[in-house]
Amino acid sequence: MLGWTLAVAVGGPRKHGWAIAVMAGLAAALSDLDGISLLFGPVAFAHIHRVWAHNILIAALLGLLTGAAGYLSSRSMRVQRGARAVMKRLASDIKMAEPGEKPFVGRDCAAWMAIGTLAGLSHLPADIIYNGNSELPPWPVPLAWPFSERGWELPIVPWGDQVTTVILICEMFCLYFWSNRSQAVAGLTLLAIAAYVGIRWLVVGLVA
């Protein structure tokens, strides 16, 4: 949801449609792919999760590739037809343009890749800030891995806290009712999240 919000806040859907926001949401979540290591046991999970894909190099690369793949998919007639069929099935009264050939435009592809990279990188500061709770210690994020194993943590908001989730859900409702003001809604959502984190930071500092 954070990646989606960032894409809308920078105006991605105004020129490229809502598909770019969906792509950004996917790009922002991809760093958690290293969580699949849990399938190989707790030891593998402890050494791989929040390491292999939780660093600037891999998060940026995943975002970049997701952006490029998203742009190329948006040009595909097969993907356009499939997306239209799914949307019609979900909401029969929805209005969608007929699939059509779309030329490759380098500048547009670069925009998708840039937004994908931004969304992918957003995962890292989120995991640094939303970290630990009363029962679990903070889990550092090795931003410079594999060149450095130094971990970064700034546990301001504990795991399990629902306030940011509520803010993002409220954003979804606002986007539904005021889709023509989507960029402003997304921008205000990011400000609300930043304000909440800032308040939590002050509280943590006062308590300390």
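Every read-out reported here was derived from the displayed coordinates using simple, explicitly stated rules and does not represent laboratory data. For clarity, every value in this text was computed on a predicted model and none was experimentally measured. Every residue, glycine as well, gets a Cβ built from its backbone with ideal geometry; the counts of neighbours run over all protein chains shown.
Assorted remarks:
- Order of TRP152, TRP178 under a 10 Å beta carbon neighbour criterion, fewest first: TRP178, TRP152
- Likely footprinting exposure, TYR71, TYR196, fewest C-beta neighbours within 10 Å first: TYR196, TYR71
- Max mean-square fluctuation residue, GNM over the chain, Cα-Cα springs under 10 Å, options MET113, MET172, MET23: MET172
- Spread over its residues, the convex hull of the C-alpha atoms of segment 2-159 is 149 Å³ per residue.
- 11 Å beta-carbon shell around ILE128, net charge (K/R +1, D/E -1): -1
- Annotation for segment 1-70 versus segment 114-165: alpha-carbon center distance of 13 Å.
- Using a Förster distance of 30 Å, the FRET efficiency for TRP159-LEU72 (Cβ separation, nearest 0.05): 0.25
- Helix-only mean residue ellipticity at 222 nm for the chain, each DSSP H run of n ≥ 4 adding -39500 (n - 2.57), per residue, nearest 500: -20500 deg cm²/dmol
- Between ALA114, ALA186, ALA126, the Gaussian network model of the chain with springs among Cα atoms under 10 angstrom shows the greatest mean-square fluctuation at ALA126.
- Comparing mean-square fluctuations of LEU175, LEU62, LEU136 from a GNM of the chain with C-alpha springs under 10 Å, the top value falls on LEU136.
- Among the GluC sites (Glu not before Pro) in segment 139-208, those located in a DSSP loop and surrounded by at most 13 other Cβ atoms within 10 Å of their own Cβ are GLU149.
- Segment 2-159: relative contact order as a whole-number percent, Cα under 8 Å and 6+ apart: 27
- Two-site FRET efficiency, LEU168 against ALA144, from Cβ-Cβ distance with R₀ of 30 Å, rounded to 0.05: 0.55
- Charge context of TRP152, other residues only, Cβ under 13 angstrom, K/R +1, D/E -1: -1
- Each of SER179, SER37, SER134, SER31 was scored by other Cβ atoms within 10 Å of its Cβ. Listed from fewest to most, they are SER134, SER179, SER37, SER31.
- Taking Cβ atoms as reference points and 12 Å as the exclusive limit, the residues near ASP108 contribute a net charge of +4, counting Lys and Arg as +1 and Asp and Glu as -1.
- A Förster radius of 25 Å combined with the Cβ-Cβ distance from LEU190 to VAL43 puts the calculated FRET efficiency at roughly 0.10.
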